[in-house]
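Okay, structure first, notes after.
The values are calculated or read from the model by the stated rules, or taken from the named source; none is laboratory data. These numbers were taken from a predicted model, which means no experiment stands behind them. Counting neighbours? That spans all protein chains shown, and the Cβs are built from the backbone with ideal geometry, glycine included.
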Amino acid sequence: MCPMEKIRTASFNDTFKFNLFHIIPYFLRGIFTRSRFWSVLFDFIHPDPMAVKFCQIIRAKYQTGYISTYLFKNRSLLVFDYDGIKHVLDNSPFIYADPDLKRMGMSHFQPNALTISRGEEWKDRRRFNESVLDSDTQVHGNADFFHKIILAEIKGLLNQERRYLVWEDFDRLFKRITLRIIFGEAPQTETELTERLERMMRESNRVFLLGKSKDFNEFYRAIRARLTNPEPGSLSARCSHAPSSSVTRVENQVTHWMFAMMETLATNTLRALALIVAHPRVQERVRIQLARYVALSPSDIISLKYLRGCLQEAMRLWPTTAMLVRLMLTDDQIGGVKVPAGTQVIILNSFLHRDSENQPLADRFSPELWSDTETNYHFNHLSNGTQICAGKNLALFIGGAVLAEFLREPRYRLIRPMLNVSKPLPHAFNEFLIKLERVPMY
Ligand code: HEM
């Protein structure tokens, strides 16, 4: 194909279908925090919830990995091509930066957060985030402290001898783990901080006509108070030792850590647990590996690569970040063609991760996919390139430690939603509906 023909423009009809059947449901499900009502409804009634069939059809029709369309009124380029994806992610955020809708919505609860920063501000905040989160190392410098918190919180939950595990248990568990890892001790009754954040996130789902939240001042007053008196071992305690300046805006970075560690990590970890117990062979392999340890240390958790692969797979199969969207700040060449500044670029994780025409294992739970490398630009649930998730290693550690603990002792079986593992895995798996039952040990 001539490079000039690489970008093709979608017809009005296809653009209309894309917006009506995929973009509107995507917004209604909740961009910053999931709406239980809309996500359950769409998972139930939507025939192609991840746009897999739709994208396969338009790719075949236009014979290209670059399709120009509109996302509402914004000219947008859908990039399916591996080299194109890599180019965009390797040049974020300097050419490919945060789009207006994300900036507007996120500024409501975390203005100045790294993920909506650009240029020199981004460099400053990235340096700070990497230093506190120990982004380059798999075992965080404070991993011992974090691990003890995780063990204590899970023990508290399991001691209650509860027969069933549902979303609400994981939601509560991860809120407590989050508060303690970020700030240190958190009283059992502590819910005000997380409730304020959740309310702001729910408001921000609206994106438009957002006035200042009535929770904003109180929330940040509480964050600042905690940052002035941090508990040793917590992430807050590292903040004063990390490189920062007047543009860093530490309190807004902390809010993003809460945002990502609570709902997002809880969802992915619960889905991974459900997948493991629904796949007997995977479960046995994980349990055999776990049985080698009397007590696990943080480095043991990191060495459990297969278990880590299980968590990666839950994220790949049902990516909590369904799409990465970037706004082009300057003209650039994509797919051999000059694309003008102001164009939005869309990397549709929900489609690319389940593209069975290019990925033979697309619809299978395949933890071994991650045994050789954890960097694959086809799969961007934790993003890749310069703006890769700064909390990737920490998230994999916390999620891995939680999974290890749930799989060491009790046994669970998945009651709902049913997963038929001999068939391709469904394109939606709603965490709000997950129910696991504790079964006696053999
Ligand atoms: C399973 C859990 C998580 C998932 C799936 C996830 C996913 C992502 C994704 C997809 C991005 C890129 C977003 C974009 O460019 O549009 C991102 C960025 C980021 N994540 Fe995570 N994340 C997780 C957990 C965490 C945790 C626990 C932290 C911190 C404690 C964290 C900190 C960050 C930061 C600071 C960025 C912005 C990076 C930048 O713009 O340079 N994430 N994450």
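Of all residues in the range 381-425, which are within 17 Å of the chain's Cα centre (by Cα) and aromatic (Phe, Trp, Tyr)?
PHE397
Tell me, yes or no, whether the range 156-169 has at least one residue that is buried (at least 21 other Cβ atoms within 10 Å of the Cβ), β-branched (Val, Ile, Thr) and under 21 Å from the mean Cα position of the chain (by Cα). Outline the logic, then answer.
Narrowing the range 156-169 to residues buried (at least 21 other Cβ atoms within 10 Å of the Cβ): 165.
Remaining after also requiring β-branched (Val, Ile, Thr): none.
Within the range 156-169, not a single residue is buried (at least 21 other Cβ atoms within 10 Å of the Cβ), β-branched (Val, Ile, Thr) and under 21 Å from the mean Cα position of the chain (by Cα).
Does VAL294 count as in a loop (DSSP other than H, G, I, E, B), away from the ligand (no atom under 16 Å from the Cβ) and not polar (S, T, N, Q)? First the steps, then the outcome.
Details: in a loop (DSSP other than H, G, I, E, B): yes; away from the ligand (no atom under 16 Å from the Cβ): yes; not polar (S, T, N, Q): yes.
When the stated conditions are applied, VAL294 passes them.
Considering only residues that are of a type outside the set (S, T, N, Q) and more than 26 Å from the chain's Cα centre (by Cα), which ones fall in the range 227-237? I'd like the intermediate steps shown before the answer.
Looking only at the range 227-237, we keep the residues that are of a type outside the set (S, T, N, Q), and these are 227, 230-233, 235, 237.
If the condition is that a residue be of a type outside the set (S, T, N, Q) and more than 26 Å from the chain's Cα centre (by Cα), then PRO230, GLU231, PRO232 are the ones that fit.
Please pick out the residue among VAL421, VAL337 that is in contact with an Asp or Glu (Cβ under 9 Å, 6 or more places away or on another chain), away from the ligand (no atom under 16 Å from the Cβ) and on the phi < 0 side of the Ramachandran plot.
Details: VAL421 fails: in contact with an Asp or Glu (Cβ under 9 Å, 6 or more places away or on another chain).
Of the residues listed, the single one that is in contact with an Asp or Glu (Cβ under 9 Å, 6 or more places away or on another chain), away from the ligand (no atom under 16 Å from the Cβ) and on the phi < 0 side of the Ramachandran plot is VAL337.
Out of SER117, SER131, SER135, which single residue is of a type in the set (Gly, Ala, Ser) and over 17 Å from SER236 (Cα atoms)? Before the answer, list the steps.
On the way: SER131 fails: over 17 Å from SER236 (Cα atoms); SER135 fails: over 17 Å from SER236 (Cα atoms).
Only one candidate passes the filter, namely SER117.
Would you please list the contacts, defined by Cβ atoms under 9 Å and residues six or more apart or on different chains, that run from a residue in the range 272-290 that is closer than 13 Å to LEU419 by Cα to a residue that is part of a helix (DSSP H, G or I) and of a type in the set (Asp, Glu)?
Once the first residue is closer than 13 Å to LEU419 by Cα and sits in the range 272-290, its partners that are part of a helix (DSSP H, G or I) and of a type in the set (Asp, Glu) give ALA272/GLU313; ALA274/GLU431; LEU275/GLU313.
Condition test on LEU382, is it within 14 Å of PRO319 (Cβ to Cβ), in contact with a Gly (Cβ under 9 Å, 6 or more places away or on another chain) and either within 14 Å of the ligand (Cβ to nearest atom) or in contact (Cβ under 8 Å) with a residue 12 or more places away in the chain (or both)?
For LEU382, the condition - within 14 Å of PRO319 (Cβ to Cβ), in contact with a Gly (Cβ under 9 Å, 6 or more places away or on another chain) and either within 14 Å of the ligand (Cβ to nearest atom) or in contact (Cβ under 8 Å) with a residue 12 or more places away in the chain (or both) - is met.
Would you please name the residue that is surrounded by the fewest Cβ atoms within 10 Å (Cβ to Cβ), looking only at residues in the range 104-129 that are farther than 18 Å from ARG202 by Cβ and among the small types (Gly, Ala, Ser)?
Here is the first cut: in the range 104-129, the ones farther than 18 Å from ARG202 by Cβ are 112, 114-129.
Filter once more, so that each one left must be among the small types (Gly, Ala, Ser): 117, 119.
Values: SER117: 24, GLY119: 11.
Step by step, filter the range 104-129, then rank; the result is GLY119.
Go through the range 1-89 and tell me which helices (runs of 4 or more DSSP H), entirely inside it, have 1 or more residues that are more than 18 Å from ASN358 (Cβ to Cβ). Quick ask: steps written out before the conclusion?
Details: elements: 12-17, 24-29, 36-45, 52-62.
Fully inside the range 1-89 and qualifying: 12-17, 24-29, 36-45.
Out of the residues in the range 233-284 that are closer than 19 Å to HIS147 by Cα and either modelled with pLDDT under 95 or in contact with an Asp or Glu (Cβ under 6 Å, 6 or more places away or on another chain) (or both), which is farthest from the ligand (Cβ to nearest atom)?
Checking each candidate, the answer is LEU270.
Find the residue count for the range 313-331, including only residues that are among the polar types (S, T, N, Q) and either more than 9 Å from the ligand (Cβ to nearest atom) or at pLDDT below 95 (or both). It would help to see each step written out before you state the result.
The first filter runs over the range 313-331 and keeps only residues among the polar types (S, T, N, Q), leaving 320-321, 330.
If we keep only those that are either more than 9 Å from the ligand (Cβ to nearest atom) or at pLDDT below 95 (or both) as well, we get 330.
Total meeting the criteria: 1.
Might you check whether a residue that is of a type in the set (Asp, Glu), at pLDDT 95 or above and not in a helix (DSSP H, G or I) occurs anywhere in the range 207-219? Steps first, please.
Keep residues of the range 207-219 that are of a type in the set (Asp, Glu), which gives 215, 218.
Narrowing further to those that are at pLDDT 95 or above: 215, 218.
From what's left, not in a helix (DSSP H, G or I): 215.
Yes, the range 207-219 contains at least one residue that is of a type in the set (Asp, Glu), at pLDDT 95 or above and not in a helix (DSSP H, G or I).
Taking PHE109 as the residue in question, decide whether it is free of Cβ contacts under 8 Å to residues at least 60 places away in the same chain and under 30 Å from PHE432 (Cβ atoms).
Working: free of Cβ contacts under 8 Å to residues at least 60 places away in the same chain: no; under 30 Å from PHE432 (Cβ atoms): yes.
In short, no.
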